[in-house]
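Notes for the one structure printed next.
Each reported figure results from applying straightforward, stated rules to the coordinates on display, with no laboratory input. Predicted, not measured: the structure shown is a model, and the values here were computed from it. Glycine gets a Cβ as well: all are built from the backbone with ideal geometry, and neighbour counts include every protein chain shown.
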Amino acid sequence: MLNHQYSLHETLLHVPLLIHLPETLSVPTPRRIAHPVQTIDLFRTILDLAAVPAPHSTSRNLLPGVEPRPYVVAEYGRPQVPHAALLARYDLEPADLEPFSRGFRTLRTAQHKLMESSDGTVELYDLDTDPDESINLAKRDPGLLAALQQQLRGWEAEHNAAEMSVLQPELQIDDAVRERLQALGYLD
């Protein structure tokens, strides 16, 4: 029902990407980047390959010789769930939709993932032993939880990150775009 929506779990964040570069670019042998990266790093990598100066230093080049990020961060603002449409289409009560009306911010290292929600929920996963994110370690490992939360607070301060806010009301989109988004699982 809410397949591609309202979450920052690995099934949505861990997206494989293949890039085929023109032969005119001098690049090392093809390789797999195993460490977590952020989408903004692709921007920097492409600019560096094209020998174009980057307009900011937030992103990192993914080519060899650049130290990987110690962690990556992802955010999902507090969505405005289309209550009326979902309640009309499915046999649901308004309370059934409350878990989907919250924002998320997550910090992911090579092994661990901290996910905080705007409703105060805190989740901690060991992605090596629990890639499905089914065992919340937040209460089992308070030391690790505190360390990752400290890193996330540092990131928030460095990036002047605002409180997780409500997104703008639903946009009006044409029927063709709506049908395509439904086919991809982004809309019901």
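Here are a few things to note about the model shown:
- Spin-label model distance (nm) - T129 vs A162, 7 Å beyond Cα toward Cβ: 4.0 nm
- Order of H9, H112, H56 - criterion: other Cβ atoms within 10 Å of each residue's Cβ, fewest first: H56, H9, H112
- Potential lengthening of the chain between Y90 and R32 amounts to 16.7 nm, from the contour at 0.36 nm per residue minus the alpha-carbon distance.
- Cα-based shape type of the chain, given that a ≥ b ≥ c are square roots of the gyration tensor eigenvalues and the cut on a/c is 1.5: oblate
- The trypsin sites (Lys or Arg not before Pro) of region 81-152 that DSSP puts in a loop, and whose beta carbon has at most 12 other beta carbons within 10 Å, are K139, R140.
- For the chain, adding -39500 (n - 2.57) for each run of n ≥ 4 DSSP H residues and dividing by the number of residues yields -7500 deg cm²/dmol at 222 nm.
- Least to most buried among D130, D41, D91 (fewest other Cβ within 10 Å first): D91, D130, D41
- Simple rule: put +1 on each Lys or Arg Cβ and -1 on each Asp or Glu Cβ in the chain, find the dipole, and look at P94, T11, V73; the Cα lying farthest toward the positive end is V73.
- Springs join every pair of Cα atoms under 10 Å in this Gaussian network model of the chain, and among N61, N160, N136 the largest mean-square fluctuation is at N160.
- Rough spin-label spacing in nm, given labels placed 7 Å along Cα→Cβ, for F43 and F100: 3.0 nm
- Of L42, L127, L148, the one that fluctuates the most in a GNM where the chain has Cα springs shorter than 10 Å: L42
- For the chain, the dipole from Cβ point charges (+1 on Lys and Arg, -1 on Asp and Glu) about the Cα centre works out to 620 debye, to the nearest 20.
- Among T11, T109, T129, T24, the ranking by other beta carbons within 10 Å of each residue's beta carbon, starting with the fewest, stands as T24, T129, T11, T109.
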